[in-house]
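Contents: one structure, followed by commentary.
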Amino acid sequence: MTDSGPREEPRYVLRLFVTGTTSRSQRAIANMQKICQERLAGHFELQVIDVYQNPEATRVFENVGIDYCC
C-alpha cells in the first residue's frame with residue numbers, strides 16, 4: 001500500500017559563520033540569503049553565527065575554517 005498524501009519538502013538548516021558586523025560579513029549574509037532563496041525556495045533556515053560574540057559555537061558545530069581576511 002502506498003501513501004498518496006502530500007509530500008513534505010525537505011527543510012535545510014544552514015549555518016553561516018561571520019566575524020563581526022563588517023561590510024564583508026553583511027555581504028556574505030546577503031549573498032547566502034539570495035542563493036538560498038533562488039535554490040531552496042524558502043525551504044531553509046539560515047543561522048548566522050558571529051564568532052566574535054559566540055566563539056564557542058565554532059567548537060560546538062565543529063567549524064573547521066574561518067576566513068579572517070580584512
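No lab work stands behind these numbers, since they all come straight from the coordinates. Keep in mind that what you see is a predicted model, and the values were worked out from it rather than measured. Cβ atoms come from the backbone with ideal geometry, glycine included; neighbour counts cover every protein chain shown.
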Report the full-extension gain for the segment Leu16 to Val60: residue separation times 0.36 nm, less the Cα-Cα distance, to one decimal in nm.
-> 14.5 nm
Work out the FRET efficiency for Glu9 and Val48 from their Cβ-Cβ distance, taking R0 = 35 Å, and round it to the nearest 0.05.
-> 0.95
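By the scheme Lys and Arg +1, Asp and Glu -1, what is the net charge of all other residues having a beta-carbon under 13 Å from that of Asn31? Write down the numbers at each step before the final one.
On the way: positive: Arg24, Arg27, Lys34, Arg39; negative: Glu38.
So the environment of Asn31 carries a net charge of +3.
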